[in-house]
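Read through the structure below, which is laid out as structure tokens, and then see the notes.
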Amino acid sequence: MARILVVDDEMGIRELLSEILRDEGHDVTLAENAAAARAARTAQRPDLVLLDIWMPDTDGISLLKEWASGGQLTMPVIMMSGHGTIDSAVEATRIGAMDFLEKPIALAKLLSAVKRALARGASPEQRPSAPSLSAVGRSGVLRDLRRKIEQMAARSRVVLLRCGPSSFGELAARTLAAPGRRWLELATISGPITQEQLDAARGGVIHTGDIAHLSRMQQKNLAFALERLDRLDARLIACCAQGAPELQAAGWEEAVLARLFEIVLPLPALAELRDEVADLAEDVLKHLVEAGEVPTRRLAESARPLLRQHGWPGGYGELVSVLRSAALAALDDELDAASLRALLRPAGTPVLPGLDQPLREAREAFERMYFEHHMEREGGNMTRLAERSGLERTHLYRKLKQLGLPIGRRGEHHE
């Protein structure tokens, strides 16, 4: 049926698991340590690995990281431990493990975990690995940006995203990592890239991260990958804030830069996505929960105006950090404005509507910003908001509805 590699330093456990799995019709290979596991993984190409955490040479978490960073995590992995902790389970899941079994392993739990892992297929790209514009680009700027990336990638195997270090470049790049497509992080490979590592991206996406941060060896790996994109049927998505002349002055090869800069798409700053930030935050929070990095949390309606108003000087990285910190510290299931406010960096001057917009759109954007600011300040109290804005309540409700803003405190109802 399936080829399963069992990695455990205890002979008794290896033999017991082998006997159970062979009785189920699987082909089982045994490894007593990380060195044997590396060799078996290369030789056997298993469909599933059962990996012990505590081993004498290299622990299972480190081996899992090694496989993930080297593009070799092309099969589902189930971690095992006799001294399991929540932290270990969370870290293993974050790196790419599909499940975590605590010893002594019950027969029913073992067979159930193996069945689930094999049913999911032998690739981490079939698991939701990170948010993408496919999920959050429902309207407006992000929707159009998603369409541009897909349109460009349909005609070119290489797309360079012009963006700063705190942008959402990876989020945009993952738009192309559809279910079933493989994903390779080039920046995680520090040594010479191998053909096997490149094969892990066959039919999928190679992501470079910010190319300005790549080492000389990684630049050579990038050039090696560029030459083989056609035969791999893969796309390469690069990110950089600098132009080709600056990179060439820093020692980059002219031919590589010419290929990278053939197709360039500028990305907007997070501060320019005021109407989309709350939807983006919801998707990021959902991913953090699904990845096991934070407890189950959801974004309260009262937090949305605050997210829109903030200038995001730290960009996308600040958004992720704020949500992760708030979710870990929250004692309630909801993340409200109060739980986020203390974590936000000072934004300086408020972000004003673009002056190059038509008057009607600029006026509407300013009105939305004005009411969001005072709604957050007054805690959603409609009476105080009416007094501060100088509007009669019926007119106020009509205006808020026209701007697409929530009316009243959470739980309040208005006719």
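Restricting the first member to the stretch 84-111 and to residues that are in a loop (DSSP other than H, G, I, E, B), and the second to residues that are open to solvent by 50 Å² or more (accessible area, probe 1.4 Å) and at pLDDT 75 or above, the beta-carbon pairs closer than 7 Å and six or more apart or on different chains are Gly84/Glu102.
Going through the stretch 272-288 one residue at a time, which ones are assigned to a helix (DSSP H, G or I) and open to solvent by less than 40 Å² (accessible area, probe 1.4 Å)? Break it down stepwise before answering.
Of all residues in the stretch 272-288, those assigned to a helix (DSSP H, G or I) come to 272, 277-288.
Within the stretch 272-288, Val277, Ala278, Asp279, Leu280, Ala281, Asp283, Val284, Leu285, His287, Leu288 qualify.
When the criteria are applied in full, Ala244 meets the requirement of being among the aliphatic types (A, V, I, L, M) and in contact with a Phe, Trp or Tyr (Cβ under 6 Å, 6 or more places away or on another chain).
For the stretch 250-268, check the following and say yes or no: at least one residue is in contact with a Ser or Thr (Cβ under 6 Å, 6 or more places away or on another chain) and modelled with pLDDT of 90 or more. Write out each step before concluding.
Initial filter on the stretch 250-268 (in contact with a Ser or Thr (Cβ under 6 Å, 6 or more places away or on another chain)): 263, 267.
Applying the additional criterion that residues be modelled with pLDDT of 90 or more yields 263, 267.
Yes.
Within the stretch 192-220, residues that are in contact (Cβ under 8 Å) with a residue 60 or more places away in the chain sit with their Cβ atoms under 7 Å from residues that are among the basic types (Lys, Arg), at 6+ positions apart or across chains, in these pairs: Leu198/Arg228; Ala200/Arg182; Ala201/Arg182; Gly204/Arg181; Gly204/Arg182.
Results for (1) within 21 Å of Gly203 (Cβ to Cβ); (2) touching a helix residue (DSSP H, G or I) at 6+ places or on another chain (Cβ under 9 Å); (3) at pLDDT 75 or above; (4) not acidic (Asp, Glu), shown as yes or no for each residue.
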residue	(1), (2), (3), (4)
Asp59	no, yes, yes, no
Ser81	no, yes, yes, yes
Ile86	no, no, no, yes
Ala92	no, yes, yes, yes
Lys103	no, yes, yes, yes
Leu107	no, yes, yes, yes
Leu110	no, yes, yes, yes
Ala113	no, no, yes, yes
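When we screen Arg388, Arg360, Arg384, Arg345 for residues that are modelled with pLDDT under 85, open to solvent by 60 Å² or more (accessible area, probe 1.4 Å) and in contact with a Gly (Cβ under 7 Å, 6 or more places away or on another chain), the only hit is Arg345.
Cβ separations smaller than 7 Å between residues 6+ apart or across chains give the following pairs from the stretch 383-406 residues that are farther than 16 Å from Pro305 by Cα to residues that are part of a helix (DSSP H, G or I) and open to solvent by 70 Å² or more (accessible area, probe 1.4 Å): Ala386/Arg393. Is there a residue in the stretch 11-25 that is under 34 Å from the mean Cα position of the chain (by Cα), over 21 Å from Lys115 (Cβ atoms) and not hydroxyl-bearing (Ser, Thr, Tyr)? Taking every residue of the stretch 11-25 in turn, none turns out to be under 34 Å from the mean Cα position of the chain (by Cα), over 21 Å from Lys115 (Cβ atoms) and not hydroxyl-bearing (Ser, Thr, Tyr).
The set of residues from the stretch 235-271 being assigned to a loop (DSSP other than H, G, I, E, B) and either farther than 21 Å from Met217 by Cα or open to solvent by 80 Å² or more (accessible area, probe 1.4 Å) (or both) comprises Glu253, Glu262, Ile263, Leu267, Pro268, Ala269.
Determine whether the stretch 296-305 contains at least one residue that is open to solvent by 30 Å² or more (accessible area, probe 1.4 Å), part of a helix (DSSP H, G or I), modelled with pLDDT of 85 or more and farther than 22 Å from Met369 by Cβ. Steps first, answer last, please.
Keep residues of the stretch 296-305 that are open to solvent by 30 Å² or more (accessible area, probe 1.4 Å), which gives 296-298, 301-302, 304.
From the residues that got through so far, the ones that are part of a helix (DSSP H, G or I) too are 304.
Cutting the leftovers down to modelled with pLDDT of 85 or more gives us 304.
Still in the running and farther than 22 Å from Met369 by Cβ: none.
No, there is no match, as no residue in the stretch 296-305 is open to solvent by 30 Å² or more (accessible area, probe 1.4 Å), part of a helix (DSSP H, G or I), modelled with pLDDT of 85 or more and farther than 22 Å from Met369 by Cβ.
In the set (1) more than 31 Å from the chain's Cα centre (by Cα); (2) part of a helix (DSSP H, G or I), Leu64 fails one condition alone, (1).
Among the listed residues Ala34, Ala2, identify the single one that is open to solvent by less than 60 Å² (accessible area, probe 1.4 Å) and under 30 Å from Asn221 (Cβ atoms). Steps first, please.
Numbers: Ala2 fails: under 30 Å from Asn221 (Cβ atoms).
Testing whether each residue is open to solvent by less than 60 Å² (accessible area, probe 1.4 Å) and under 30 Å from Asn221 (Cβ atoms) leaves just Ala34.
Only one of the numbered conditions (1) under 23 Å from Arg155 (Cα atoms); (2) touching a residue at least 24 places away in the same chain (Cβ under 8 Å); (3) in contact with a Lys or Arg (Cβ under 9 Å, 6 or more places away or on another chain) is violated by Gly251, and that is (1). Of the residues making up the stretch 10-31, just one is of a type in the set (Lys, Arg) and open to solvent by 90 Å² or more (accessible area, probe 1.4 Å), namely Arg22.
The values are calculated or read from the model by the stated rules, or taken from the named source; none is laboratory data. Because the structure is predicted, anything quoted here is derived from the model rather than measured. No Cβ is skipped: glycine too gets one built from the backbone with ideal geometry, and neighbour counts run over all protein chains shown. We work out accessible area using only protein heavy atoms, side chains counted, and drop any ligands, DNA or RNA first. Shrake-Rupley method; radii C 1.70, N 1.55, O 1.52, S 1.80 Å.
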